[in-house]
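To keep things clear, I will list the structure first and then write my remarks on it.
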Amino acid sequence: MKKNWDNPVEHAMPAEARVSGSVQIGTVMVAPATVLAPMAGVTDTVFRRFIRNASVFSADADATASVEAAVTNQQSGCGLIMTEFTSADGLARMRESKRKRYLTFYDDEHPISAQLFGSNPATLADAAKIVEDTGFDMVDLNLGCPAKRVVACNGGSGLLRDLPLIGKIFEAVRAAVAIPFTVKFRMGWNDDHIVCVELARLAEACDLNAVALHARTREQGYSGQARWEWIAAVKAAVTIPVIGNGDVRTPEDACALVEETGCDAVMIGRAAPANPWIFRQIAQYTATGRYDQPTNLDRYRMIRLYFEMLLEADFPEAQGKMKQFASWFTHGVPGGAALRKSIYESKTGEAILGVVERFFESGPINANIPAEESSESDELLLACD
């Protein structure tokens, strides 16, 4: 599982296709029809709210000036955000006070979906009810994570080998909650066991409200190309909303995915930490036919904002998170390699923030220096996308 893409296909901007302005998922309106994918170790509450800030867009105002503006869903280019995947077994067993660590969210995160993984229908139903009672707008079932430790427990993509059990889970969770219930899955276990169309039909028959397909098999992991033709096949097979996922790195990719598959919404995972503005860029393109690339000033504001949010939230792993995200956030910043080195060598969160301030005060904000061509950040790992 890796951050970089294998020989990514470069898509031209389609002449007609656009990401939809909205999609209705059960009782929840997702506007625009873009979704931040659940990513383990990434999509905690600080990162989710950070993405909402970075995604602010107004067709009537300078988008770069609104990076730090107050955010509502109507202003945001990201229509739906999702939590890191959470173990249903762990959620059902832990004390209510401890659940807050995994289920914390804030008012400006709506609409928000909580993603669960597990394999026991009753336990998943209980966990889904906890999610509903906590105030989430949706609950999602993870049938896509390829991580060995998850699959070993018959969770994530491990369940793709047992459609009858998936059907029982769908029925149990659907009976337990009234909020919209969705599922994210892969094409199948491997090329000899493609089940995505059958699984989507099963989800619709069990009254799920939407499906999201990451167009790779479990065996592929994150290698090779996402096979969008299977998203098109799922879209042709069901009438509930279909969310397409896989190899969306740019607004051009997002629009091409809609054009090629007819999907109702676009989910973005690995590209979001590398380019937090991607949702804003998609919204800007949809509104105006063009989109802005981030400036050095944008990058400085973005790095500073995320690091400040971590410190203000008194995040337990703030320093580690800052170092983890440094490789993503500084990719493309002139002199970014030196900045990363200084960040990695800093001993406290405040020291890291000071390094960022001094670096950008020294000139790179306005300097006309080509972006570095570094692949350092391409080896970071994601646990789930």
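Below, the figures for the structure above:
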| quantity | calculated |
| --- | --- |
| Sequence ranges 96-106, 117-127, ranked by mean other-Cβ count within 10 angstrom, highest first | 117-127, 96-106 |
| Acute angle (nearest 10 degrees) that the helix 163-176 long axis makes with the longest principal axis of the chain, alpha-carbon atoms | 80 |
| Links that overshoot a 18 Å alpha carbon limit, given the list Lys148/Lys321; Lys321/Lys341; Lys184/Lys235; Lys148/Lys235; Lys98/Lys184 | Lys148/Lys321; Lys148/Lys235; Lys98/Lys184 |
| Cβ crowding within 10 Å averaged over residues, with 163-169, 269-275 ranked highest first | 269-275, 163-169 |
| Neighbour-count ranking [beta-carbon atoms within 10 angstrom, fewest first] of Asp314, Asp140, Asp207 | Asp314, Asp207, Asp140 |
| 0 to 90° range, to nearest 10: angle between helix 45-54 axis and the chain longest Cα axis | 60 |
| Difference of contour (0.36 nm per residue) and Cα-Cα distance, Arg358 to Arg304 | 18.3 nm |
| Length released on extending from Arg101 to Val9, taking residue separation times 0.36 nm less the Cα-Cα span | 29.3 nm |
| Spread of Cα-to-Cα distances over 10 Å intervals beginning at zero, given as percent, for the chain | 5, 24, 34, 25, 10, 1, 0 |
| Degrees separating the helix 349-361 axis from the principal Cα axis of the chain, which is the longest one | 50 |
| Virtual paramagnetic centre 7 Å along Cα→Cβ of Asp191, amide N under 11 Å, in the stretch 145-161 | none |
| Distant-in-sequence amide H partners of Ile25 (H built 1.01 Å from N, under 5 Å) | Val30 |
| Charge dipole magnitude, Cβ of K and R +1, D and E -1 - the chain, Cα centre, debye nearest 20 | 880 |
| Neighbour net charge for Val234 - beta-carbon separation under 15 angstrom, K R +1, D E -1 | +1 |
| Extreme residue, positive dipole direction of the stretch 205-269, given options Ala232, Cys206, Ile268 (C-beta unit charges) | Cys206 |
| Rounded to whole Hz, the Karplus (6.51, -1.76, 1.60) HN-Hα couplings of the stretch 117-131, x for glycine and proline | 10, x, 9, 9, x, 5, 5, 5, 5, 4, 5, 4, 5, 4, 4 |
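Taken together, the values in this text are just the output of simple stated rules run on the coordinates, not laboratory data. Owing to the predicted nature of the structure, the values given are computational and were not obtained by experimental measurement. Every residue, glycine as well, gets a Cβ built from its backbone with ideal geometry; the counts of neighbours run over all protein chains shown.
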